[in-house]
Every structure is written in structure tokens, then in C-alpha cells.
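All remarks here apply to the structure that follows.
The values are calculated or read from the model by the stated rules, or taken from the named source; none is laboratory data. Computed from a predicted structure; not experimentally measured. Ideal geometry is used to build each Cβ from the backbone, glycine not excepted, and the neighbour counts take in all protein chains shown. Just the protein is used for accessible areas: all its heavy atoms, side chains included, with ligands, DNA and RNA removed. Shrake-Rupley method; radii C 1.70, N 1.55, O 1.52, S 1.80 Å.
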Amino acid sequence: MTAYDSATDVALLVLRVVLGLTMAAHGYNKFFGGGRIPGTAGWFDSIGMKPGMFHARVAATTEIAAGLGLAVGLLTPVPAAGFVALMLVAAWTVHRRNGFFIVKEGWEYNLVLAVTAVAIAGVGAGRYSLDYLLLRDTALWDWVHGWGGLAVAIVLGLAGGIGQLAIFFRPPANQAS
């Protein structure tokens, strides 16, 4: 292993842990923060994601699972797909009318989180991951990094987000566009 490889693996570890724990914290906050699940459910109902209680539970659980999965680097493209689906739904339902920039509550942050997770899926979780520890000598290896990882993260993520929007999103009359 060269110094470059070692630095790359540590950088991937830092990126995965920070990104993953940030997402997991969002899910934790939905369960245990301010309004808890009932408050989150009311908010989901108000933005047109009905039934709100279902979506509050699904979003919180997915944020925790995707966040922790990415942080430890386990089947990395699957949690990355979770990031894509979550951020697509958030960007479409909440942020798209506000433009791109986060300072105006736009979808910039959603894009950065989703694309970063996809990039990690494409590069692979690195040597300091459960993927490397458990899968490097198996048939799954090609699906947890490289083109396979990239494809899994993008296709599953877009299918999940678009599917959820198509089935459940009904914008309130004052937000229809």
C-alpha cells in the first residue's frame, strides 16, 4: 500500500463517517427531537406527503439506516441509494420552488448530499470499511464499488425517490405547480 492509497482510504473513511452520521442525526431528530414523529408526520402531511405518519417513520428510519450504513461502509451503494431517494424527495417537495441556493432554502444541500453519496459508491468505501473487510474476495465486490456501485446507487436511488413521489406526493393547492 502506498502513502497515496493510505491517505485516500483515510479520506474516504472521514467523508463516509461525517456524511453518514450527519444523515443519521437527521433521522434521530425526527424520532426524538422537537416534535418527534407526530410533529414530523404533521409536517409531511402539510407538504403533501400523505399519509404523514407513514412518511415520517419511513424517512426517519431510512435516514438512520442509510447514514449508519454509509458511515461503516456496508453494502455502500445501497445506503448511497437511500441518500439519493431521500434528497430527491426533499428537493422536489420542499426546496425546488426556492431555487438552487441553500441561503434561500433551495435544493443545493440536497444535491451535495446525494452526489457525494453516489461518488462514494462509485469509488468504493475504501479499506477501512465493512465492504472491504467482508466482501473484497466475493462475487459482490464488483457491485459495492466501481461502475457496479455507481449504477446501483443511481438506479435504486432514482427509482425509490421517483416512485415515492409518483405514488404519494399530492401537493397542497397553494403549492401546486
Tilt, helix 36-47 to longest principal axis of the chain (alpha-carbon atoms), in degrees rounded to tens, equals 70 degrees
Going residue by residue through region 141-158, the Karplus relation 6.51 cos²θ - 1.76 cosθ + 1.60 with θ = phi - 60° gives ³J(HN,Hα) values, rounded to whole Hz and with x marking Gly or Pro, of 3, 5, 9, 10, 7, x, 4, x, x, 4, 5, 4, 4, 6, 5, 5, x, 5
Once residue 11 and residue 133 are pulled to full extension, the length gained, defined as 0.36 nm per residue separation minus their Cα-Cα distance, is 42.2 nm
Sequence order, region 112-129: Karplus ³J(HN,Hα) from phi using 6.51 cos²θ - 1.76 cosθ + 1.60, θ = phi - 60°, Hz rounded, Gly and Pro as x, gives 4, 5, 5, 5, 5, 5, 5, 4, 4, 4, x, 6, x, 6, x, 5, 9, 8
Expected unfolding gain across residue 159-residue 58 under the 0.36 nm per residue rule, minus the alpha-carbon gap, is 34.8 nm
The helix 3-32 Cα axis meets the longest alpha-carbon principal axis of the chain at an angle in degrees, between 0 and 90 and rounded to 10, of 30 degrees
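Could you check how much of the accessible area of the chain is carbon and sulfur, as a whole percent, using a 1.4 Å probe?
After summing per-atom areas, the C and S share lands at 72 percent.
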Computed over the chain: longest principal axis from alpha-carbon atoms vs helix 77-90 long axis, angle to nearest 10 degrees, is 20 degrees
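Grab the beta carbon distance between residue 142 and residue 32, set R0 = 45 Å, and tell me the FRET efficiency rounded to 0.05.
Numbers: r = 38 Å, r/R0 = 0.85.
The value I calculate is 0.70.
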Site residue 68, offset 7 angstrom along Cα→Cβ, radius 17 Å on amide nitrogen, limited to region 15-37, gives 17-33
The percentage of Cα-Cα pairs in region 29-147 separated by more than 20 Å is 50 percent
The extension gain from residue 98 to residue 50, computed as 0.36 nm times the residue separation minus the Cα-Cα distance, is 15.1 nm
